[in-house]
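K.L.:
Sharing a structure, written as structure tokens. Questions coming.
The values are calculated or read from the model by the stated rules, or taken from the named source; none is laboratory data. Note that the structure is a prediction, hence the values are computed from the model and not measured. Backbone-built Cβ (ideal geometry, glycine too); neighbour counts: all protein chains shown.
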Amino acid sequence: MIRRRFALESPSHAPVAQWIEQPPPKGQVGRSIRLWGAKTLNKAIRGANVPYTFRLDAGAGYVEITVVGELTDTEAREVTSKAISSAKQTGTAKFLLDFSRAHSMPSFFDVLELTEQYENEKASRRWPAAVVLPASGEPRRGAEFYVTACRNRGWYVEGFSDRPSAIEWLSSRRL
């Protein structure tokens, strides 16, 4: 019956499932059990559907990261690594982090790990970062916590309610 079901469905519409390997009973061959009802896979191609944009604006002199939607802890670590390596390679070491359209942020514990990642990847504490905060709600509290956590650990970070103020502050900073 299961084989008939797969024969009727097109491969692109097959549900994503989880497989569990179980040790075989004594004297029998091993088998796999398929669990139906697993969540569908959102990102078929790695990086194809990320909730952020990464842009190096050498003319303005800063690296811009804009988050739209939900940012996971893994994605936050990825974009952080990109930004730090870009700053080291190009010498553009100012950052504009626009979270104004973010719907959710990494957890508080993940934010604390991000500040440790800065140290591990040898980022300079003199590099300024301007954070554009979301309007309200849980994303704003998460972004404010990010600013506070960075400041408490000695990073040069400032939070702003609007983008023009953040850009003005960033352009007035000297390295």
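K.L.:
Looking only at residues that are touching a Pro at 6+ places or on another chain (Cβ under 8 Å) and more than 14 Å from TYR118 (Cα to Cα) in the stretch 55-93, which one is surrounded by the most Cβ atoms within 10 Å (Cβ to Cβ)?
P.N.:
Looking at residues that are touching a Pro at 6+ places or on another chain (Cβ under 8 Å) and more than 14 Å from TYR118 (Cα to Cα), I get VAL67.
K.L.:
Which of (1) part of a strand (DSSP E or B); (2) of a type outside the set (Gly, Ala, Ser); (3) touching a Pro at 6+ places or on another chain (Cβ under 9 Å) does GLU113 not meet, given it meets every other one?
P.N.:
(1)
K.L.:
Further question on the same structure: Suppose the filter is in a helix (DSSP H, G or I), surrounded by fewer than 21 Cβ atoms within 10 Å (Cβ to Cβ), of a type in the set (D, E, K, R) and modelled with pLDDT of 90 or more; does ARG140 pass it?
P.N.:
yes
K.L.:
Take the stretch 143-174 and flag every residue that is surrounded by 14 or more Cβ atoms within 10 Å (Cβ to Cβ) and farther than 19 Å from VAL63 by Cβ.
P.N.:
Within the stretch 143-174, GLU144, PHE145, ALA149, ARG151, ARG153 meet the criteria.
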